[in-house]
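Heads up: the structure comes next, in C-alpha cells.
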Ligand SMILES: Cc1ncc(C[n+]2csc(CCOP(=O)(O)OP(=O)(O)O)c2C)c(N)n1
Ligand SMILES: [Mg+2]
C-alpha cells in the first residue's frame, strides 16, 4: 500500500470508529482516535496477515495493550475483511462479538485479550520470545498508552524484552499526554520517554502520531538480528483527527450530549466527503 492508500485506510478506520461509537452513544473516543494512523500503517502496509485465516501461524501478531481503544481495532479488522462491517453496529451491546475491550476468544483477528492495563505488553513479550526461540520470522506489534506506563508491569516487561533482545517486537507508546481523567503531567509525569527507554535497553525514537510516511519508514524494515528492540513513541493527540475531540481535555470516555453528536456527525460528514 502507498502512503496515499494508507491515508485513505486511516480515514476509513476513523469514520467507522466514530460511527460505531456515536451510534452507541458512549465510549472511549480519545484513545481510539489517537491510534488510527498506527493501525492503518500496521494493517495496511506492514503486517503479514491473512484475514481469511486469522489463525495462520505464519502471521504477524498485534496486541492492543491499551485495550480501551478496541473500537478502532474492530473497525480496522472489519475493513480488512475479518468480519462484516455491519457487525460494528453491535459494539459493546448484549451478545456482541465486539466487547468494549478486545477478547481473542470472541473476535476474529484479535490476537490477545486486553483491557487490564499493563498486561498486553507482557503478552506481546511472550509472543516475541516464543517466535524467536522457535526460529520463526513472525513479527509482533504492541501499542501501550502513556498513562498505562504508570503500571509497573510495563517496566518489568520492557526489561524482559530488552534482555532477550526481542527485536522482532515493535512497541508503540501512544504519547497523547492524557490519561483517564487528566494530563500526565498533573497525575504522574512521564519525564523523558526516549531516555527512559534507552536506559532500559531499547532503541527509541519519536514520530508524529499521524505521520503515515514517517511511521512507514520506521516500522516497515525488519531490524538486523543484533539490533536492540525498538520503541516508537507516537507524538499524538488524544482525539486525533477530530477537531471537536482534539480541543477537549476529557475525551477519554464520553457519554454523548446532543451538542457532541452534532459535532461528531459533522466530522464524519466531512471525512466521508473527502473520500477519493
Ligand atoms: C490495571 C488497570 N487500571 C486501571 C484501568 C482503568 N483505565 C482504563 S483506561 C485508563 C487510562 C489509560 O491512559 P492511557 O494509557 O494514557 O490511555 P489513552 O490516553 O491512550 O486513552 C485507566 C486508568 C485499567 N483499565 N486497568
Ligand atoms: Mg494517554
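Among 119, 240, 220, which one shows the highest mean-square fluctuation when the chain is modelled as a Gaussian network with alpha-carbon springs under 10 Å?
Sorting by GNM fluctuation, first place goes to 220.
Order these by the 10 Å Cβ neighbour count, fewest first: 142, 189.
With the sparsest Cβ surroundings first, the list reads 189, 142.
Considering the chain as a Gaussian network with a 10 Å cut-off on Cα pairs, which listed residue, 92, 176, 167, attains the greatest mean-square fluctuation?
92
Compute a Gaussian network model of the chain, connecting alpha carbons closer than 10 Å, and tell me which residue from 136, 97, 59 fluctuates the most.
It is 136.
In what order do 205, 98, 64, 129 fall by count of nearby beta-carbon atoms within 10 Å, going from fewest to most?
205, 129, 98, 64
How high is the FRET efficiency from residue 4 to residue 255, r the C-beta distance, R0 51 Å, rounded to 0.05?
0.90
Cα-Cα pairs above 29 Å in the chain: how many percent?
Considering the chain, 26 percent of its Cα-Cα pairs are separated by more than 29 Å.
Starting from the Kirkwood radius over alpha-carbon pairs of region 1-156, derive D by Stokes-Einstein at 37 °C in a medium of 0.692 mPa s and give it in µm² s⁻¹.
209
Ranked highest first by the average count of other Cβ atoms within 10 Å around their residues, in what order do 2-14, 23-35 fall?
The densest-packed peptide leads the list: 23-35, 2-14.
Give me the angle, in degrees from 0 to 90, between the Cα long axis of helix 3-24 and the longest principal axis of the Cα atoms of the chain, rounded to the nearest 10.
Helix 3-24 sits roughly 60 degrees off the main axis of the chain.
So what's region 97-154 giving for Cα Rg divided by 2.2 N^0.38 Å, two decimals?
1.22
Evaluate E = 1/(1 + (r/R0)^6) for residue 273 and residue 244, where r is the Cβ-Cβ distance and R0 equals 22 Å; express this FRET efficiency to the nearest 0.05.
Between residue 273 and residue 244 the formula returns 0.85.
Under the rule of -39500 (n - 2.57) per DSSP H run of 4 or more residues, summed and divided by the residues of the chain, what mean residue ellipticity at 222 nm is obtained, to the nearest 500 deg cm²/dmol?
It comes out at -11500 deg cm²/dmol, rounded to the nearest 500.
Give the angle, between 0 and 90 degrees and rounded to the nearest 10, that separates the Cα long axis of helix 258-273 from the longest principal axis of the Cα atoms of the chain.
70
Just rank 163, 101, fewest to most, by other beta-carbon atoms within 10 angstrom.
Going from sparsest to densest Cβ surroundings: 163, 101.
How many nm separate the modelled label positions at residue 85 and residue 23, each set 7 Å beyond the Cα in the direction of the Cβ?
Here the answer is 1.1 nm between the modelled labels.
To the nearest whole percent, what portion of all C-alpha pairs in region 63-121 is separated by more than 14 angstrom?
47
Say each of residue 106 and residue 223 gets a label point 7 Å from the Cα, pointing the same way as Cα to Cβ; how far apart are those two points in nm?
Calculated label separation equals 3.3 nm.
I need the calculated FRET efficiency for the pair residue 180 and residue 205, taking r as the beta carbon distance and R₀ as 35 Å, to the nearest 0.05.
0.85
Which whole-number value in Å³ per residue fits the convex hull of the alpha carbons of region 174-276?
118
On a 0 to 90° scale, report how tilted helix 152-163 is relative to the longest principal axis of the chain, with both axes built from alpha carbons and the result rounded to the nearest 10.
Approximately 40 degrees, to the nearest ten.
Taken together, the values in this text are just the output of simple stated rules run on the coordinates, not laboratory data. Treat the numbers as computed from the prediction; the structure is a model and nothing was measured. Backbone-built Cβ (ideal geometry, glycine too); neighbour counts: all protein chains shown.
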